[in-house]
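A short write-up of the structure that comes next.
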Amino acid sequence: MAHQGVSTDNSNVEPVTQPPVSSLNRLQRRLLLAAAAVSSSCGLAVELLLGTLASYLVGNQALSFGVAIGGFLAAMGIGSYLSQFIASKSPPWLQQRQLLVAFVQVELLMAPLTALLPLGLFALFVVNGFLWLGLFLVTILLGILAGLEVPLLTRVLELEEGVREALAGVLALDYVGALLGSLLFPVLLLPLIGLFPAAFVLGALPAFMVFAIGQQFPRLRRWGYLGLSLGIILTLSAPAAIPISNRLENTLYQAPVITRIQSPYQRIVLTRRGQDLRLFLDGDLQLSTLDEYRYHEALVHPAMSASQNRRHVLVMGAGDGMALREVLKWRDVEQVVLIELDAEVVKLAQSHPQLVRLNEGALTDPRVQVINADAFVTAPALNDTFDVIIADFPDPDREVLAKLYAEGFYQRLLPRLAENGVFVTQASSPFFAPDVLSCIVATLSDVGLSTHPYVVDVPSFGPWGFVLASRQSIQADRLTLSVSTRYLTEPILHHLFELPGDVQLGNVEVNRLSHPVIVRYQSDPRWTAY
C-alpha cells in the first residue's frame, strides 16, 4: 500500500553540481610559470653541483658527471611517471588545490635535502664510506622530487588553459630555467661562495618560491610561511657550511690546512707541517717543499741544456712559479711566456710569503709574461716561436686534460717550436701508470718528433716520468749544466735517458682528441697501491 501524502515523483529534484575550478588570475599564472623556471634552474644546478663534488672527491670527471647527471635525469623520469597518481581521482575543483599542495610539499622537501645531502656525501667520503652508492641514492632521491615538479605545475595550468597551452608555457620556462641554472652554478655560486654554501643557497630558492606562491594563493598561505622560514634558515646557515666542510676536509690531509681557495676550475689547498708546505689541486698533491726541486730541475734543465738557444721560452701550466724559477737561472733567457688557466693559482704564488720565497719571486720577474688562459687554445695561436716549450700539466685523468697530451694539440703546437727547439712534458708515474709514458712517446713520435723519455725519483711522488722531444736526436753525453742545482748534475744528465729495468715502453695507441686513450692508461689499477 502506498503511503498517502508522499510523492514519488523525482522530476523536481535538482541535480548536484560540483564547484567550478578556481580561475587563475594573470599574476598567479605567471607565478606558476616562474616556479617552473626556478625549479628547472635549481635542478640543473644541483646536477652540476653533485657532478663537481664527485669529480673533486674521486677524480674521474667523466664517470662522476655521468652518474650524477645520468642518474638525476633517469630519476626525473621516474618522478614524472609517479606524478600521474597524485590527485588522479579527485574532481577538477579539488584537483587544482591538491596539485598545488603537492607541488609546495615537494619544494619544501627539496629545499633541505638539496642543502644537506652534498655535505652528507662529503662526510661519507671522509669516513671511507660507499661514495658511489651514496651518490647514486642522492641523485635518485633528488631526481625523483625534481621530476615531480613540472608535471604537477602543468596539470594545474591545463585545468584552465588546456594541455597544449599549459605544456607550451611550462616547457618554455623550464628550458629557460635550465639555461640559467647551467650558468648560475659555475659562473656565480661556485667561485663566489663555494661548493657547500652554494648547496644551501640552491636549497633556499624553492623554499622562497613556496612563500611567493602562498602570498598569491590564500589557501596555501600557511605553507608559504613555512617556506619563508625554511628559506631564511637555509640562507643564514649557508656560512656555517664552510667551517663544517673545512673540518671534514682537514681529515683528508696529513697536515694542517692553512689556505683554501675554490676557483672556477678547481679546489686549491695549502697545508703546512713544520717546513713542509704542500700544494694540492682537487685533492691531488702538486708539490712538497721538501723535494719539489727534484721534480722542477728534472722538468726544466734537460730541455734547457739540450736547446741550442734559450732566449724565448714558453711554459704551460706551472702557475706556482717553481718551473719559472729554474728557467730564469739561465742567463741567456730574454723572455718567458707563462700560460696558466687558473688565475687563482698565480695569485696565490705571487702573494703567499712561503711560496714567493720558494719560487724566488719568479712571477714578478720583468722577463715573465703571464697569460691566464687555456693553453690548448692560446699556445698554438701565439705569434712567436720558442726555443724551449715546457708543459707542466696535471695528470691526464680526465678527458678535459687528455686533450693537452693529444696528437692534435702537439701538431698545432709544433709551429711554435723553433727549428732547433726542444719540447718537454711531464708524463705521470711510469710505475703506477706505465702506459702513460709510452702513450706520450708514441703521440709525440706520431707528429714527427724524436722522443727521449726519462725517469727521475721524487720522494713525494715516487718514480716520475718525463718526455723530451725535438726535431733532431739529442745526444745525452753532450749535455752540460751551467746553472746551480740541488739534485741534477752533469753525470746524471749524461745517463738521463737510460730507463730503469722495470720501465718498459709498451705497445700503446696514439692519444687523439677524438679518442683520448690516455685517460684509460692513467686510470691503471696500480694506483690503488699508492
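The values are calculated or read from the model by the stated rules, or taken from the named source; none is laboratory data. Remember, it's a predicted structure, so these values are computed and weren't measured experimentally. Positions of Cβ are backbone-derived with ideal geometry, glycine not excepted, and every protein chain shown enters the neighbour counts.
Checking PRO92 against (1) under 26 Å from ASN250 (Cβ atoms); (2) surrounded by fewer than 16 Cβ atoms within 10 Å (Cβ to Cβ): exactly one of these is not met. Which one?
Looking at each condition in turn, PRO92 falls short on (1).
Mind checking which helices (runs of 4 or more DSSP H) fall wholly inside the stretch 415-530 and carry at least 3 residues that are in contact (Cβ under 8 Å) with a residue 12 or more places away in the chain?
Where helices (runs of 4 or more DSSP H) fall fully within the stretch 415-530 and carry at least 3 residues being in contact (Cβ under 8 Å) with a residue 12 or more places away in the chain, they are 434-446, 517-522.
Is it the case, given these coordinates, that VAL58 is modelled with pLDDT under 75 and closer than 30 Å to ASP284 by Cβ?
It is true that VAL58 is modelled with pLDDT under 75 and closer than 30 Å to ASP284 by Cβ.
Checking the structure you have, find out if any residue of the stretch 216-228 is touching a helix residue (DSSP H, G or I) at 6+ places or on another chain (Cβ under 9 Å), at pLDDT 90 or above and within 26 Å of GLY129 (Cα to Cα).
Within the stretch 216-228, not a single residue is touching a helix residue (DSSP H, G or I) at 6+ places or on another chain (Cβ under 9 Å), at pLDDT 90 or above and within 26 Å of GLY129 (Cα to Cα).
Does the stretch 415-424 contain at least one residue that is crowded, with 21+ Cβ neighbours inside 10 Å, aromatic (Phe, Trp, Tyr), closer than 25 Å to GLU292 by Cβ and in contact with a Ser or Thr (Cβ under 8 Å, 6 or more places away or on another chain)?
Among the residues of the stretch 415-424, at least one is crowded, with 21+ Cβ neighbours inside 10 Å, aromatic (Phe, Trp, Tyr), closer than 25 Å to GLU292 by Cβ and in contact with a Ser or Thr (Cβ under 8 Å, 6 or more places away or on another chain), which makes the answer yes.
So which residues in the stretch 350-385 are outside any helix (DSSP H, G or I) and more than 24 Å from PRO264 (Cα to Cα), if there are any at all?
GLU360, GLY361, ASP365, PRO366, ARG367, VAL368, LEU382, ASN383, ASP384, THR385
Per-residue answers, yes or no, for (1) at pLDDT 95 or above; (2) assigned to a loop (DSSP other than H, G, I, E, B); (3) among the acidic types (Asp, Glu):
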| site | (1), (2), (3) |
| --- | --- |
| LEU290 | no, yes, no |
| TYR293 | yes, no, no |
| HIS296 | yes, no, no |
| LEU314 | yes, no, no |
| LEU324 | yes, no, no |
| LYS329 | yes, yes, no |
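Going through LEU113, LEU119 one at a time, which residue ends up being in the same structural domain as ILE232 (by TED's automatic domain parsing) and either surrounded by fewer than 17 Cβ atoms within 10 Å (Cβ to Cβ) or more than 30 Å from ARG155 (Cβ to Cβ) (or both)?
On inspection, the qualifying residue turns out to be LEU119.
Return yes when ILE242 is in contact with a Gly (Cβ under 7 Å, 6 or more places away or on another chain) and either touching a residue at least 24 places away in the same chain (Cβ under 8 Å) or in the same structural domain as THR385 (by TED's automatic domain parsing) (or both) and no when it is not.
So ILE242 passes the test.
Please go through the stretch 322-356 and give me each residue that is within 15 Å of ASP374 (Cβ to Cβ), among the small types (Gly, Ala, Ser) and surrounded by 17 or more Cβ atoms within 10 Å (Cβ to Cβ), ordered by number.
none
Is there a residue being under 22 Å from SER351 (Cβ atoms), of a type in the set (Asp, Glu) and either without any contact (Cβ under 8 Å) to a residue 12 or more places away in the chain or in contact with a Leu (Cβ under 9 Å, 6 or more places away or on another chain) (or both) anywhere in the stretch 248-255?
No - not one qualifying residue is present in the stretch 248-255.
Pull up the stretch 224-263, narrow it to residues that are part of a strand (DSSP E or B) and more than 25 Å from ALA111 (Cβ to Cβ), then point me to the one that is nearest to the chain's Cα centre (by Cα).
ILE261
Which residues, taken from the stretch 428-447, are under 26 Å from ARG471 (Cβ atoms) and among the polar types (S, T, N, Q)?
SER428, SER438, THR443, SER445
Taking LEU285 as the residue in question, decide whether it is assigned to a strand (DSSP E or B) and either surrounded by fewer than 16 Cβ atoms within 10 Å (Cβ to Cβ) or touching a helix residue (DSSP H, G or I) at 6+ places or on another chain (Cβ under 6 Å) (or both).
Yes; evaluated as a whole, the condition is true for this residue.
Residues are listed down the side, and each one gets a yes or a no for (1) at pLDDT below 85; (2) part of a helix (DSSP H, G or I); (3) touching a helix residue (DSSP H, G or I) at 6+ places or on another chain (Cβ under 7 Å):
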residue: THR114; (1), (2), (3): no, yes, yes
residue: LEU117; (1), (2), (3): no, yes, yes
residue: LEU124; (1), (2), (3): no, yes, yes
residue: GLY134; (1), (2), (3): no, yes, yes
residue: ILE140; (1), (2), (3): no, yes, yes
residue: LEU183; (1), (2), (3): yes, yes, no
residue: PRO186; (1), (2), (3): yes, yes, yes
